[in-house]
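> Can you read through this structure? Questions will come right after.
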């Protein structure tokens, strides 16, 4: 089970994001693609940390970055 | 869907999809060896080298694919994970086309499309169609087209107890999925596939459909395209022209029908040749995702794509002159031991992580989620409907062949 008390803080650069959906494939409980075909975070601790890091690495245009850890809301 | 007569003329399918036929021999369809040992050696020598992938591997025959032959340009090849990934991510230095695209005035064709655009133009066009291909749309593809196609094909051989899955099943699914998403009737699907090198013929079939959807949109891909609005540099909204829609349709057919067929065959061949792993997938369908991801990592059907160098640059210790062609041997990157343990093993227990089978960067494969949906629905349906599915002990077991377009030979199976 993901630790919901602390979560990675992931920043999304909406200019770089082109909605490939790769983040959704690797961490589908954390990321979604909105109606403008850009990635959004639906639950910062939706998946195990390892999967979220994989999603960040997988972004083909480097639009995702980990900027810290914080309390999940 | 009830039992049906064969949907397709299988002899024609065999001809169109035979890797060693005239259609595919130019890309190395007669190649029968395992290319990976030499790619390992090349990667270990240097991550980036002067020359074409097949030439560096000691093949004297001329093979053609993306970025080949380009006789008047210097050629380089990249083999390591880091180098291949860096090329894909830097689309300013490594462009997907040597010339600018002329989408409005140029002739409709596979390369006069998204495939060759760059920068903001590519972003705008791709943005139009991206949402129809995202993971959230997988169910739309599955329920509208994939499931019906898969079950109709299984209906054709389920009573027989034997099948040749590569042609009777794998080859037919992607072409039928794409053409039916266009609204093309099954009888015309193969006309379209056979006409890939004659865009005029495909346009003749698609033009009336585009016109009909402009008149009255339906729940299909052409309707999405005719209703899409493109925002130009000045912020004005415009509808796509017929030429733009047809170019995109040609790109989808060219990029999506042969690739998914071959990758599905590779995945089935890998599992059928490893009965314990096939049984594991049969018992736990969650493993199907791992099997598909491992198949595309371990043996991607297209092991190489190319980019054009836009300025003189030093890259991994090699001077690349502007105008050079860079061949990304992504199959070698997908088995880079720096990134994967026991990289040559088809291992379902491996943690799922990004690979380069669908490329990366802004041109990352737009159809990848549809391809995954096709493979996963198709293989799950075979396991559900064909108890005891296994290779025919009397037949030749499938081998992986081809150089720049790799795929399985015949996959003879028995069941029941």
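> If you take the residues of segment B:278-295 that are assigned to a helix (DSSP H, G or I) and out of contact with any helix residue (DSSP H, G or I) (no Cβ under 6 Å at 6 or more places or on another chain), which of them is surrounded by the most Cβ atoms within 10 Å (Cβ to Cβ)?
Taking segment B:278-295 first, the residues assigned to a helix (DSSP H, G or I) are B:278-283, B:287-295.
Then keep just the ones that are out of contact with any helix residue (DSSP H, G or I) (no Cβ under 6 Å at 6 or more places or on another chain); that gives B:279, B:283, B:289-290, B:293-294.
Working: B:279: 13, B:283: 9, B:289: 16, B:290: 19, B:293: 21, B:294: 23.
Looking at residues that are assigned to a helix (DSSP H, G or I) and out of contact with any helix residue (DSSP H, G or I) (no Cβ under 6 Å at 6 or more places or on another chain), I get B:294.
> Ok, one more. Any residue that is assigned to a helix (DSSP H, G or I), over 23 Å from the mean Cα position of the chain (by Cα) and free of Cβ contacts under 8 Å to residues at least 40 places away in the same chain - is there at least one of those in segment B:132-151?
Kept after step one, since they are assigned to a helix (DSSP H, G or I), are these residues of segment B:132-151: B:132-133, B:135-151.
Going one step further and asking which of them are over 23 Å from the mean Cα position of the chain (by Cα), we end up with none.
No, every residue in segment B:132-151 fails to be assigned to a helix (DSSP H, G or I), over 23 Å from the mean Cα position of the chain (by Cα) and free of Cβ contacts under 8 Å to residues at least 40 places away in the same chain.
> Do the conditions hold for residue B:254, that is, is it part of a helix (DSSP H, G or I), more than 22 Å from residue B:55 (Cα to Cα) and without any contact (Cβ under 8 Å) to a residue 24 or more places away in the chain?
Working: part of a helix (DSSP H, G or I): yes; more than 22 Å from residue B:55 (Cα to Cα): yes; without any contact (Cβ under 8 Å) to a residue 24 or more places away in the chain: no.
Here the answer is no, as residue B:254 does not meet what is asked.
> Which numbered condition trips up residue B:399, out of (1) within 20 Å of the chain's Cα centre (by Cα); (2) crowded, with 17+ Cβ neighbours inside 10 Å?
(2)
> Inspect all residues belonging to segment B:228-244 and state whether any of them is more than 19 Å from the chain's Cα centre (by Cα), under 18 Å from residue B:189 (Cα atoms) and buried (at least 22 other Cβ atoms within 10 Å of the Cβ). Full working, then the answer.
First, the residues of segment B:228-244 that are more than 19 Å from the chain's Cα centre (by Cα): B:228-244.
Imposing the further condition that a residue be under 18 Å from residue B:189 (Cα atoms) reduces the set to none.
No; the residues of segment B:228-244 include none that is more than 19 Å from the chain's Cα centre (by Cα), under 18 Å from residue B:189 (Cα atoms) and buried (at least 22 other Cβ atoms within 10 Å of the Cβ).
> While we're here: For segment B:341-388, which positions are within 14 Å of chain A (Cβ to nearest Cβ), assigned to a loop (DSSP other than H, G, I, E, B) and more than 24 Å from residue B:118 (Cα to Cα)?
B:350, B:351, B:352, B:353
> I would also like to ask the following. Of the conditions (1) touching a helix residue (DSSP H, G or I) at 6+ places or on another chain (Cβ under 8 Å); (2) touching a residue at least 12 places away in the same chain (Cβ under 8 Å); (3) surrounded by 15 or more Cβ atoms within 10 Å (Cβ to Cβ), residue A:44 satisfies every one except a single condition; which number is it?
Only one criterion in (1) touching a helix residue (DSSP H, G or I) at 6+ places or on another chain (Cβ under 8 Å); (2) touching a residue at least 12 places away in the same chain (Cβ under 8 Å); (3) surrounded by 15 or more Cβ atoms within 10 Å (Cβ to Cβ) is unmet by residue A:44, namely (1).
> Next question, about the same structure. Which numbered condition in (1) surrounded by 23 or more Cβ atoms within 10 Å (Cβ to Cβ); (2) modelled with pLDDT of 95 or more; (3) away from chain A (no Cβ under 14 Å) is the only one that residue B:405 fails?
(2)
> What's the total number of residues in segment A:3-20 that are farther than 23 Å from residue B:358 by Cα and touching a strand residue (DSSP E or B) at 6+ places or on another chain (Cβ under 8 Å)?
Residues flagged as farther than 23 Å from residue B:358 by Cα and touching a strand residue (DSSP E or B) at 6+ places or on another chain (Cβ under 8 Å) within segment A:3-20 amount to 7.
> Answer yes or no as to whether residue A:54 is within 10 Å of chain B (Cβ to nearest Cβ), modelled with pLDDT of 95 or more and either buried (at least 16 other Cβ atoms within 10 Å of the Cβ) or assigned to a loop (DSSP other than H, G, I, E, B) (or both). Quick ask: steps written out before the conclusion?
On the way: within 10 Å of chain B (Cβ to nearest Cβ): yes; modelled with pLDDT of 95 or more: yes; either buried (at least 16 other Cβ atoms within 10 Å of the Cβ) or assigned to a loop (DSSP other than H, G, I, E, B) (or both): yes.
Yes, satisfied.
> Could you give every pair whose Cβ atoms fall below 7 Å, whose first residue belongs to segment B:215-233 and is more than 13 Å from residue B:244 (Cβ to Cβ), and whose second residue is modelled with pLDDT under 95 and in a strand (DSSP E or B), counting only separations of at least 6 or pairs across chains?
What qualifies is B:231/B:237.
> Select from segment A:21-39 the residues that are more than 8 Å from chain B (Cβ to nearest Cβ), surrounded by 16 or more Cβ atoms within 10 Å (Cβ to Cβ) and either on the phi > 0 side of the Ramachandran plot or in contact with a strand residue (DSSP E or B) (Cβ under 8 Å, 6 or more places away or on another chain) (or both) and list them in ascending order.
Listed by number, the residues that qualify are A:23, A:30, A:31, A:38, A:39.
The values are calculated or read from the model by the stated rules, or taken from the named source; none is laboratory data. Keep in mind that this is a model prediction, so the values were computed, not measured. Counting neighbours? That spans all protein chains shown, and the Cβs are built from the backbone with ideal geometry, glycine included.
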